Amino acid sequence: MEKGIVLNDIYERSLAGKITKKDAAGLLKANVYDLFATADRLRQEIVGDTVTYVVNRNINFTDRCIGTCRFCSFRNSVGFQLTIPQILRKVGEAKEKIGATEVCIQGGLQPDMGLPDYVAMIRAIKAKYDIHTHAFSPMEVYHMSQVSGVPVEESLRQLKAAGLDSMPGTAAEILVDRVRAQICPDKLTTAEWVDVVTKAHRAGIPTTATIMYGHVESWKDRLDHLFLIRDIQRKTGGITELVPLTFMYQNNALTKKSMGASGLDDMRMYAIARVIFGRDLPNVQASWVKLGVKLAQVALWCGANDVGGTIMEENISKSAGAKSGEYMSPQALRTIIKAAGRVPHQRNTLYQLID
Ligand code: SF4
């Protein structure tokens with residue numbers, strides 16, 4: 001295999017926080033081996049050989065949704081709605097069976113579900129279990145605020161008081177309104193997403209950041225998105241990781257428009273993200289659910305330093321054709337990381353190492 005050469009100027013500029021959109025666009029024309037070698041060297045410099053994972057469970061409390069996102073294969077696919085006792089049972093299972101440190105809770109949007117319903121969910125979990133609640137996308141926070149007629153700041157304040165520990169930075173898709181108009185016209189706008197996330201950080205609620213790519217967007221749109229995330233991070237410091245989410249193309253209205261990104265394009269996304277974020281955002285997650293295990297291992301050589309969670313239950317990607325299953329034991333994740341030549345460590349949601 002051809003060996004890449006580290007692009008020294010890009011390497012130095014990334015570490016100094018000086019990568020521009022022009023630099024990033026130029027990297028798209030670079031030899032991919034050089035791009036991957038540069039991203040890998042940055043990963044090594046910034047986070048070393050440790051590759052982390054989190055022991056968690058996803059809980060989708062409903063698939064009923066009034067949203068119209070065209071990439072969504074999850075909405076109303078079964079028509080379920082969990083009660084609080086059912087949610088508590090799932091949290092209990094996650095703690096007992098795998099020693100989960102986090103539950104990640106998201107669901108569809110219902111016209112009659114307002115702030116008190118979301119607050120009650122978090123309060124009930126925290127009353128019974130000592131576990132990190134990573135819950136509710138910026139869209140859900142926006143939705144509950146609208147339904148209840150309260151400002152976003154107040155929703156965030158009440159959620160935090162109830163025990164919300166952090167939020168997934170989902171619903172970001174591509175943060176370019178022209179693209180959003182095509183793929184999720186009824187979702188919150190780019191400015192509204194930024195507003196909710198920034199307010200969450202100010203309220204002491206960290207978030208992740210995501211990008212869903214490989215559908216109708218261009219590379220320019222992807223770069224606009226990544227630089228916007230970097231700007232937010234520079235202002236608030238509240239983002240814990242970037243999670244690139246490759247578009248899962250089955251069973252949705254965008255299926256005819258895109259078969260998703262190629263594996264090579266996926267790896268380019270990881271490498272470019274690593275270069276753009278430099279020391280601003282040290283953690284880039286390779287989602288084994290979306291990429292599949294083998295490509296996630298390759299991503300660890302293209303800039304990624306985390307493989308996500310044990311998940312335990314996965315409905316959203318599965319509805320869209322993901323084949324990688326719903327659960328990976330902590331031991332299996334460690335084996336996958338070691339097989340890729342890295343050193344596994346369990347982390348918590350906020351990237352503190354547990355072992
Ligand atoms: S992505 Fe979320 S908000 Fe959009 S339609 Fe699907 S469940 Fe609803």
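No value in this document is a laboratory result; all are computed from the given coordinates. Everything numeric here is computed off the predicted structure, so don't read it as measured data. Every residue, glycine as well, gets a Cβ built from its backbone with ideal geometry; the counts of neighbours run over all protein chains shown.
Just name one of Leu264, Trp219, Ile46: the one whose Cα is farthest towards the positive end of the charge dipole of the chain (beta-carbon charges, Lys/Arg +1, Asp/Glu -1).
Comparing the listed Cα positions along the dipole, Leu264 ranks first.
With a point put 7 Å past each Cα toward its Cβ, work out how far Tyr33 is from Glu96 in nm, to one decimal.
Each label point lies 7 Å from its Cα, and together they span 5.4 nm.
Which lysines, if any, have their Cα less than 28 Å from the Cα of Lys187, not counting same-chain residues under 8 positions apart?
Once the sequence-local lysines are set aside, what remains near Lys187 is Lys21, Lys160, Lys199, Lys220, Lys235, Lys256, Lys257, Lys290, Lys318, Lys323.
What is the magnitude of the charge dipole of the chain about its Cα centre, with +1 placed on the Cβ of each Lys and Arg, -1 on the Cβ of each Asp and Glu, and no other charges, expressed in debye to the nearest 20?
280
For the range 35-130, max minus min Cα coordinate along each principal axis, in Å, sorted largest first?
Largest first, the range 35-130 extends 50, 37, 23 Å along its Cα principal axes.
When DSSP beta bridges are limited to those with both residues in the chain, what percentage is antiparallel, rounded to the nearest 5?
Roughly 5 percent of the DSSP beta bridges within the chain come out antiparallel.
Helix 138-148 versus the longest principal axis of the chain: what is the Cα-based angle in degrees, 0 to 90, to the nearest 10?
Approximately 20 degrees, to the nearest ten.
Using only Cα atoms and rounding to the nearest 10 degrees, what angle (0 to 90) does helix 190-202 make with the longest principal axis of the chain?
80
Tell me, which cysteines of the chain are without a disulfide-compatible partner by the Cβ under 4.7 Å rule?
Flagged as lacking a Cys partner: Cys65, Cys104, Cys302.
Rg (Å, one decimal) plus Dmax (Å, integer) for the alpha carbons of the range 239-355?
14.3, 45
I need Ser218, Ser166 ordered by Cβ neighbour count within 10 Å, fewest first.
Ranking Ser218, Ser166 by Cβ neighbours within 10 Å, fewest first, gives Ser218, Ser166.
Please find the FRET efficiency linking Ser262 to Glu12, where r is the Cβ-Cβ separation and R0 is fixed at 30 Å, and quote it to the nearest 0.05.
Efficiency computed from Cβ-Cβ geometry: 0.50.
Would you mind computing, in nm to one decimal, how far apart the modelled labels at Glu192 and Glu326 are, each placed 7 Å from Cα along Cα→Cβ?
Label-label distance for Glu192 and Glu326, simple model: 3.2 nm.
Counting each DSSP H run of 4 or more residues in the chain as -39500 (n - 2.57), what helix-only mean residue ellipticity at 222 nm follows after dividing by all residues, to the nearest 500 deg cm²/dmol?
After summing the helix terms and dividing by the residues of the chain, the value is -13500 deg cm²/dmol.
Need the C-alpha centroid separation for the range 35-90 versus the range 274-299, integer Å.
So the two Cα centres are separated by 14 Å.
Tell me, how many Å apart are the Cα centres for the range 322-352 and for the range 141-198?
Distance between centres, Cα-based: 29 Å.
Could you give the length gained by full extension between Arg279 and Ala127, i.e. 0.36 nm per residue of separation minus their alpha carbon distance, to one decimal place?
Gain in length upon complete extension: 51.0 nm.
Averaging over every viewing direction, what projected area does the convex hull of the Cα atoms of the range 1-83 cover, in nm²?
Quarter of the Cα hull surface area: 10.2 nm².
Sketch the reach of a paramagnetic label on Gln81 as a point 7 Å from Cα along Cα-to-Cβ, and name the residues of the range 38-68 whose backbone nitrogen lies under 15 Å away.
Under 15 Å, as judged by backbone N against the label point of Gln81, lie 61-67 of the range 38-68.
Given a Förster distance of 35 angstrom, what is the FRET efficiency for Ala339 paired with Glu45, based on the Cβ-Cβ distance and rounded to 0.05? Walk me through the numbers before you get to the answer.
Numbers: r = 23 Å, r/R0 = 0.67.
E(calc), rounded to 0.05, equals 0.90.
For a quick check: sort Thr246, Thr101 by the number of other beta carbons within 10 angstrom, fewest at the front.
Placing the least packed residue first, the sequence is Thr101, Thr246.
Positive end of the charge dipole of the range 13-142 (Lys, Arg +1 and Asp, Glu -1 on Cβ, about the Cα centre): tell me which of Gly107, Leu28, Ala127 has its Cα farthest that way.
So the residue furthest toward the plus end is Leu28.
Listed highest first by mean packing, meaning other Cβ atoms within 10 Å per residue, what order do 234-240, 224-230 come in?
Per-residue mean Cβ counts within 10 Å order the peptides as 224-230, 234-240.
For the range 95-190, count all C-alpha to C-alpha pairs, find those more than 17 Å apart, and express that count as a whole percent of the total.
Beyond 17 Å sits 54 percent of the P(r) for the range 95-190.
Convex hull over the alpha-carbon atoms of the chain: what's its volume per residue in Å³? Don't skip to the end; give the middle numbers.
Numbers: hull volume 43.2 nm³, N = 355.
Dividing the Cα hull volume of the chain by its residues yields 122 Å³.
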